[in-house]
Amino acid sequence: MEQEEQTKKNEEPTAAGKNMSRRSFIRNTGLVLGGAVVGGALGVFLKKTPQAAPAPAPAAGTEPRNFNRALMFFTPEQFAICEAAVERIFPADDNGPGAKELGVAFFIDHQLAGDYGFNARDYMSPPFFAGEKVQGYQGRLKRREMYEIGLRELENYSQTQYKTGFVQLSTEQQDAVLKDFESDTVKLTTISPSGFFKTLRSNTLEGAYSDPLYGGNIDMKGWQMRNFPGAQMSYANIIDKDFTKIPPQSLQEHMTH
């Protein structure tokens with residue numbers, strides 16, 4: 001017993017040992033912190049690593065890059081099908097650019113990535129009934145899911161009818177495929193073909209004529225075709241005159257007001 005008690009006493013650190021360890025710890029820590037502070041201070045006087053040079057400004061006469069032109073929801077394949085389809089719904093002609101040049105497919109892509117694609121503001125709980133056509137869609141699928149199915153079925157139907165993808169079809173063949181969707185000639189069990197076509201058509205017009213803020217109607221060219229003035233602050237100077245063409249304005253032009 002005496003030997004065990006002596007062994008425990010030898011294993012227990014003494015108060016002086018504790019103090020020494022604590023003092024050593026504080027001293028060593030202070031040295032480390034001090035070294036860090038001094039090192040940091042000295043680092044100011046040491047040679048700094050040169051910072052990366054800023055991106056060069058666009059050369060004179062070249063248009064700045066539009067970083068808004070990127071996909072937020074579609075895959076590149078889905079985007080290509082969507083862009084080809086909306087161009088047939090809103091084609092370029094003598095009146096002006098078509099949906100492709102107006103950026104309509106980007107508009108749709110960006111909308112599907114947000115609340116619109118998730119039906120965030122729609123009542124989406126059952127029971128679901130097949131309502132009248134004027135009542136719109138009722139079901140579990142969100143708009144982004146309808147687009148995924150609709151674009152895939154456009155591709156499948158094109159392969160079935162013409163042995164090639166929708167993008168590679170002639171414009172006449174693309175029109176025929178879209179008309180078959182519009183008239184429900186295509187038989188699908190997942191979505192309503194005509195319902196998908198109506199959504200696609202509505203979104204095409206929205207992308208062509210909404211404020212460029214949303215990604216479509218590039219350079220307000222859709223408004224220019226319609227002589228639509230856009231977001232004007234006032235018509236006081238022309239309200240008592242005959243119809244007067246005025247340059248359109250977007251919401252971006254009112255940032256300083």
Answer yes if at least one residue in region 135-158 is among the aliphatic types (A, V, I, L, M) and either in contact with a Lys or Arg (Cβ under 9 Å, 6 or more places away or on another chain) or surrounded by fewer than 14 Cβ atoms within 10 Å (Cβ to Cβ) (or both), and no otherwise.
no
Going through region 200-218 in order, the residues found to be assigned to a helix (DSSP H, G or I) and either surrounded by 22 or more Cβ atoms within 10 Å (Cβ to Cβ) or among the small types (Gly, Ala, Ser) (or both) are Leu200, Ser202, Asn203, Thr204, Gly207, Ala208, Pro212
Tyr157 fails exactly one of (1) assigned to a helix (DSSP H, G or I); (2) under 16 Å from Ala99 (Cβ atoms); (3) of a type in the set (Phe, Trp, Tyr), namely (2)
Can you name the residue in region 131-161 that is closer than 21 Å to Asp180 by Cα and among the aliphatic types (A, V, I, L, M) and is also modelled with the lowest pLDDT among such residues?
Val134
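Yes or no, residue by residue, for (1) out of contact with any Ser or Thr (no Cβ under 7 Å at 6 or more places or on another chain); (2) charged (D, E, K, R):
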position: Leu151; (1), (2): yes, no
position: Gln168; (1), (2): yes, no
position: Gln174; (1), (2): yes, no
position: Lys179; (1), (2): yes, yes
position: Thr185; (1), (2): yes, no
position: Glu206; (1), (2): yes, yes
position: Asp211; (1), (2): no, yes
position: Tyr214; (1), (2): yes, no
When you scan region 235-247, do you find a residue that is open to solvent by 30 Å² or more (accessible area, probe 1.4 Å) and within 27 Å of Gly114 (Cβ to Cβ), even just one?
no
If a residue must be more than 12 Å from the chain's Cα centre (by Cα) and touching a residue at least 60 places away in the same chain (Cβ under 8 Å), how many such residues does region 92-109 contain?
8
For region 116-148: of the residues being in contact (Cβ under 8 Å) with a residue 40 or more places away in the chain and of a type outside the set (A, V, I, L, M), which is farthest from Phe196 (Cα to Cα)?
Gly117
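The values are calculated or read from the model by the stated rules, or taken from the named source; none is laboratory data. None of these values were measured; they are calculated from a predicted model. Note that we place each Cβ from the backbone using ideal geometry, even for glycine, and neighbour counts take in every protein chain shown. To get the accessible areas, we keep the full protein, side chains included, count just its heavy atoms, and leave off ligands, DNA and RNA. Shrake-Rupley method; radii C 1.70, N 1.55, O 1.52, S 1.80 Å.
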